[in-house]
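Asks: Here's a structure for you.
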C-alpha cells in the first residue's frame with residue numbers, strides 16, 4: 001500500500017461524501033486505502049460511508065474524541081508507507097496523490113509535506129505559516145490590536161511570508177492536508193492527544209521540524225472548503241481553538257509569565273469580542289450584506305459561549 005488516507009469526521013456528511021468520491025471514484029495514481037474515524041456524528045455520516053463506500057475502513061467512536069485522537073486511531077489501522085491526514089471538507093483532484101508521493105520520494109529526509117490549499121472559489125488559502133509568537137497571538141485581541149503592539153509579528157505569522165508559488169522548507173503547515181512517511185509518524189510524529197480541536201497542527205509541525213525538515217509542495221493543489229465543522233459547532237470550536245493556542249504556547253516553551261499574560265488578556269478581551277461582532281453584524285445587515293452579517297453573528301455566538309462557559313478551562317490549560 002502506497003498511501004493511507006486518514007480522515008477524522010464529525011457531522012459533515014455531504015462534504016465527506018464529496019471528499020471520498022474524489023479519492024475513490026477518480027484516479028489518484030497510487031495504491032491507496034481510506035480510513036474514516038467518525039466521532040459520533042448525528043447526521044448519518046457513518047451510515048453513508050458504510051452504505052456508499054464499503055471499501056473504506058470505518059471506525060465509529062461512541063463519542064467525539066477530537067481530531068488528534070481520531071487521527072491517531074486511523075494511523076494505527078493504516079497499512080500504507082505514507083500517511084495522508086486529510087480534513088473531511090476537502091476535495092482531492094485526480095492524480096494529486098501521485099504527484100505528492102513523487103515529491104516525497106524525491107525528498108526522503110523530509111518529515112512532513114503539505115500541498116497547496118485552494119478554496120471552493122479557486123482562491124489560494126494560506127497553506128503554511130511562520131511559527132506564531134506569544135506577541136503574534138496577543139495581537140489577535142481587540143484589547144491590543146488598536147495599539148499596534150506586535151503588529152509586525154502578527155503579519156509575519158498570518159500573511160507576509162506566504163507565497164503560493166514557493167516550494168520547499170517552511171516553519172508550519174496547515175493541518176487540512178499533510179503527508180507523512182510512516183517511519184516519521186512512528187518515530188515521533190503522532191498527533192498530541194492533549195489537543196481536542198485547534199492548535200494540534202501547529203504543535204505537530206513544530207515537533208516534527210525539530211528533527212526533520214517540513215516542506216510546502218506547490219505542485220499539488222487540494223480544494224479545502226474550510227471551517228465548515230467549526231461553523232456548525234461554533235461554541236465547541238471557539239473554546240477548543242482558544243485552549244489549543246494556550247497548549248501550543250506551553251508545549252513550545254513559552255515562559256509561565258508569558259502564558260499568564262496571554263490568558264489574562266484573552267479573558268479580558270472576551271466581552272469586547274462579543275460586542276464588536278454584534279455591532280459588525282448589525283452594520284452589515286443594515287448595509288444589505290446578510291451573508292456577512294450572519295458570519296459576524298455566528299462569531300458573536302462563539303465568543304459568547306467562550307465567555308460564559310469556557311474561561312475556567314481556558315485558564316487551566
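Readers should treat all values here as calculations from the given coordinates under stated rules, not as data from a laboratory. Owing to the predicted nature of the structure, the values given are computational and were not obtained by experimental measurement. Cβ placement follows ideal geometry from the backbone for every residue including glycine, while neighbour counts extend to all protein chains displayed.
Asks: Grab the Cα-Cα distance for residue 259 and residue 167, subtract it from 0.36 nm times how many residues apart they are, and report the gain in nm with one decimal. Each step should come with its number before you reach the end.
Replies: Values: separation 92, 0.36 × 92 = 33.12 nm, distance 3.37 nm.
Roughly 29.8 nm would be gained on extension.
Asks: Can you give me the angle between helix 290-305 and the longest principal axis of the chain, using Cα atoms only, in degrees from 0 to 90, rounded to the nearest 10?
Replies: Computed tilt is about 80 degrees.
Asks: Using a simple spin-label model with points 7 Å from Cα along the Cα→Cβ vector, what separation in nm is obtained for residue 268 and residue 146?
Replies: Each label point lies 7 Å from its Cα, and together they span 1.3 nm.
Asks: How large is the helix-only mean residue ellipticity at 222 nm for the chain, computed as the sum of -39500 (n - 2.57) over DSSP H runs with n ≥ 4, divided by its residue count, in deg cm²/dmol to the nearest 500?
Replies: Working: 13 runs with 142 residues, N = 317.
Helices in the chain give a 222 nm mean residue ellipticity of -13500 deg cm²/dmol.
Asks: Helix 67-77 against the longest principal axis of the chain: what's the angle in degrees, Cα atoms only, rounded to the nearest 10?
Replies: Around 10 degrees separate the two axes.
Asks: For the chain, what proportion of DSSP beta bridges, expressed in % and rounded to the nearest 5, is antiparallel?
Replies: Values: 13 of 36 bridges.
Bridges in the chain that DSSP calls antiparallel: roughly 35 percent.
Asks: Among [x] 27, 24, 18; [y] 34, 31, 22; [z] 32, 23, 19, find the value of semi-axes √(5λ) of the Cα gyration tensor in Å that was calculated from the structure presented, and write down its label.
Replies: Step by step, semi-axes √(5λ) of the Cα gyration tensor in Å for this structure corresponds to label [z].
Asks: Let me ask something else about it. Could you tell me the relative contact order of the chain? Use alpha-carbon pairs under 8 Å, at least six residues apart, and round to a whole percent.
Replies: Details: 611 pairs, mean separation 59.1, N = 317.
After rounding, I find 19 percent.
Asks: Once you put a point 7 Å from the Cα of residue 275 and another 7 Å from the Cα of residue 131, both along the Cβ direction, what distance in nm separates them?
Replies: 3.7
Asks: Going by average Cβ neighbours within 10 Å, how do the peptides 136-143, 277-284 rank, with the highest at the top?
Replies: Details: 136-143: 19.1, 277-284: 16.4.
So the order, starting with the most tightly packed, is 136-143, 277-284.
Asks: Next up: For the range 194-317, rounded, prolate or oblate, judged on the Cα gyration tensor with a ≥ b ≥ c (square roots of eigenvalues), a/c < 1.5 rounded, else prolate if a/b > b/c?
Replies: On the way: a/c = 2.50, a/b = 1.28, b/c = 1.96.
Judged from the Cα gyration tensor, the range 194-317 comes out oblate (a/c at least 1.5, b/c at or above a/b).
Asks: Where a ≥ b ≥ c are the square roots of the eigenvalues of the C-alpha gyration tensor, would you call the range 255-316 rounded, which needs a/c under 1.5, or, failing that, prolate if a/b is larger than b/c, or oblate? List each step's numbers first, then the result.
Replies: Working: a/c = 3.82, a/b = 2.68, b/c = 1.42.
Note, shape of the range 255-316 comes out prolate.
Asks: Follow-up question, since we're still on this one. Report the label-to-label distance for residue 309 and residue 252 in nanometres (one decimal), using points 7 Å from each Cα along the Cα→Cβ vector.
Replies: Taking the simple label geometry, residue 309 and residue 252 are separated by 2.8 nm.
Asks: Then there's this: In degrees from 0 to 90, rounded to the nearest 10, what is the angle of the helix 200-209 Cα long axis to the longest principal axis of the chain?
Replies: That works out to roughly 60 degrees.
Asks: Please give the FRET efficiency for residue 77 paired with residue 210, using the beta carbon to beta carbon distance and R0 = 35 Å, rounded to the nearest 0.05. Write down the numbers at each step before the final one.
Replies: Values: r = 27 Å, r/R0 = 0.78.
Here the calculated transfer efficiency is 0.80.
Asks: A further question on this structure: Under 15 Å from a point 7 Å along the Cα-to-Cβ line of residue 52: which residues of the range 69-108 have their amide N that close?
Replies: So the set is 88-92.
Asks: Also, quick follow-up: Could you compute the FRET efficiency for residue 287 and residue 219, with r as their C-beta to C-beta distance and R0 at 35 Å, rounded to 0.05?
Replies: So, using R0 = 35 Å, E works out to roughly 0.25.
Asks: Using a/c under 1.5 as the rounded threshold, could you call the range 16-92 rounded, prolate or oblate? The axes a ≥ b ≥ c are square roots of the C-alpha gyration tensor eigenvalues, and prolate needs a/b larger than b/c, oblate otherwise.
Replies: Values: a/c = 1.78, a/b = 1.23, b/c = 1.45.
Oblate is the answer for the range 16-92, as a/c is 1.5 or above yet b/c matches or exceeds a/b.
Asks: Based on the alpha carbons, how large is the Rg to Rh ratio for the range 1-140 when Rh follows Kirkwood? Please report the intermediate quantities before stating the final value.
Replies: Numbers: Rg = 16.0 Å, Rh = 16.2 Å.
Result: Rg/Rh = 0.99.
Asks: Rank these for me by crowding, 165, 89, 38, 192, going from fewest to most other beta carbons within 10 Å.
Replies: Details: 165 7, 89 22, 38 25, 192 16.
With the fewest neighbours first, 165, 89, 38, 192 line up as 165, 192, 89, 38.
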